[in-house]
Amino acid sequence: MKYTKGTLGLLVSILIMGTSMNAFGFLGFGNSASWKEEVLLHDGSKIIVKRSVERGGRHEIGQKAPYKEQTLVFAMPGTNQEVTWEDKFSEDLGMANFLPMLLDVRDGVAYLVVSPMGCLSYNKWGRPNPPYVVFKYDGKAWQRIPLEELPTEIKTPNLIFSAPDIAVEKSGTRFLTAEMIKAIISGYKQPEYKTILREPVKPGTAGSSVNCEEMVFYKGAWVGPGDSIGKRMMDRRPK
């Protein structure tokens, strides 16, 4: 029988879900980290952001567990109102959703730009291109907004994006200055992580999420949108 990529991915997913931990399987040890980042805003001012991450869940031997939960906490300039952003464990992904890239404030409104963490999250959040999800804090809660509503002057990533807890550990300090963060970001290879792009990223661009295979979440598993075999398998799975 010939299987599509989506069906093969589904078979692997089912095998993983049905396999207990063993020497060749997965480990579930969790760990947490917290630190502070000095964040440079677009107007040249700075705020201190408290960040924390918790790792946990299935992962291959020799690799760290994925991010399970994470938070950002900061005080709004001018009012000192404490604002918290949280990214919690998502059952359909088996981990958290995002990697924060940029936090900025204009006219008393906070904006947060994040990148979906991995291909499943990229599909879950609508396959945005450029590959960003943008939130605005309305004074009470975070609301997702289109990229077009992000002020154009807000364009420079200012948070540690890639494996932030590992970057903090390597830095040897729990307080990272804006200059240290800028140096870390300068080492990122993908253009969309060095500045907030306003035009779509071309498919085939190395390392970009836009290359992720299109998937849909169907009855507890991720399958290709046209994968009728995979969907029938899920239809027949005992409830």
**Study point:** Filtered residues of the stretch 70-86 (kept if under 18 Å from Ala141 (Cβ atoms), touching a residue at least 24 places away in the same chain (Cβ under 8 Å) and in contact with a Ser or Thr (Cβ under 8 Å, 6 or more places away or on another chain))
**Key:** Gln70, Leu72, Val73, Trp85
Exercise for review: Tell me which residues, restricted to the stretch 40-57, are over 25 Å from Thr156 (Cα atoms) and either in a strand (DSSP E or B) or at pLDDT 85 or above (or both).
Suggested key: Glu54, Arg55, Gly56
Review point. Which of (1) touching a helix residue (DSSP H, G or I) at 6+ places or on another chain (Cβ under 6 Å); (2) surrounded by fewer than 20 Cβ atoms within 10 Å (Cβ to Cβ); (3) in a strand (DSSP E or B); (4) not aromatic (Phe, Trp, Tyr) does Arg144 not meet, given it meets every other one?
Key: (1)
Exercise for review: Please find, among Glu37, Glu60, Glu69, the residue that is at pLDDT 95 or above, among the acidic types (Asp, Glu) and more than 19 Å from Thr156 (Cα to Cα).
Suggested key: Glu69
Practice item. Take Thr79 and decide whether it is among the β-branched types (Val, Ile, Thr), out of contact with any helix residue (DSSP H, G or I) (no Cβ under 6 Å at 6 or more places or on another chain) and not in a loop (DSSP other than H, G, I, E, B). Key: no
Exercise for review: Determine, yes or no, whether Pro66 is more than 26 Å from Lys219 (Cα to Cα) and not aliphatic (A, V, I, L, M).
Suggested key: no
Study note, to complete from the structure: In the stretch 181-239, anything more than 28 Å from Pro164 (Cβ to Cβ) and among the aliphatic types (A, V, I, L, M) is listed as Val216, Ala221, Val223, Ile229, Met233, Met234
Exercise for review: Please list, ordered by first then second residue, the pairs with beta carbon atoms under 8 Å, 6 or more apart or interchain, first in the stretch 157-173 and within 23 Å of Leu41 (Cβ to Cβ) and touching a residue at least 24 places away in the same chain (Cβ under 8 Å), second hydrophobic (A, V, I, L, M, F, W, C) and in a loop (DSSP other than H, G, I, E, B).
Suggested key: Pro157/Ile196; Asn158/Leu41; Val168/Ile160
Review point. Out of all the residues in the stretch 155-209, which are surrounded by fewer than 16 Cβ atoms within 10 Å (Cβ to Cβ), out of contact with any helix residue (DSSP H, G or I) (no Cβ under 7 Å at 6 or more places or on another chain) and among the small types (Gly, Ala, Ser)?
Key: Ala163, Gly172, Ala178, Ala183, Ser186, Gly187, Ala206, Gly207
Study note, to complete from the structure: Given (1) among the hydroxyl-bearing types (Ser, Thr, Tyr); (2) within 23 Å of Cys212 (Cα to Cα); (3) exposed (fewer than 13 other Cβ atoms within 10 Å of the Cβ), Thr152 misses just (2)
Review point. Quick one: Asp92 ticks every box in (1) touching a residue at least 24 places away in the same chain (Cβ under 8 Å); (2) outside any loop (DSSP other than H, G, I, E, B) bar one, so which box is it?
Key: (2)
Review point. Limited to the stretch 111-128, what total is found for residues that are outside any helix (DSSP H, G or I), free of Cβ contacts under 8 Å to residues at least 40 places away in the same chain and surrounded by 22 or more Cβ atoms within 10 Å (Cβ to Cβ)?
Key: 1
Check your understanding: How many residues, within the stretch 158-199, are in contact with a Phe, Trp or Tyr (Cβ under 7 Å, 6 or more places away or on another chain), assigned to a helix (DSSP H, G or I) and closer than 15 Å to Lys36 by Cα?
Key -> 1
Point to revise | Residues satisfying the stated conditions in the stretch 109-165, i.e. over 13 Å from the mean Cα position of the chain (by Cα) and at pLDDT below 95 | key: Asp138, Gly139, Lys140
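The values are calculated or read from the model by the stated rules, or taken from the named source; none is laboratory data. The structure displayed is predicted, hence computed values, not measured ones. Every residue, glycine as well, gets a Cβ built from its backbone with ideal geometry; the counts of neighbours run over all protein chains shown.
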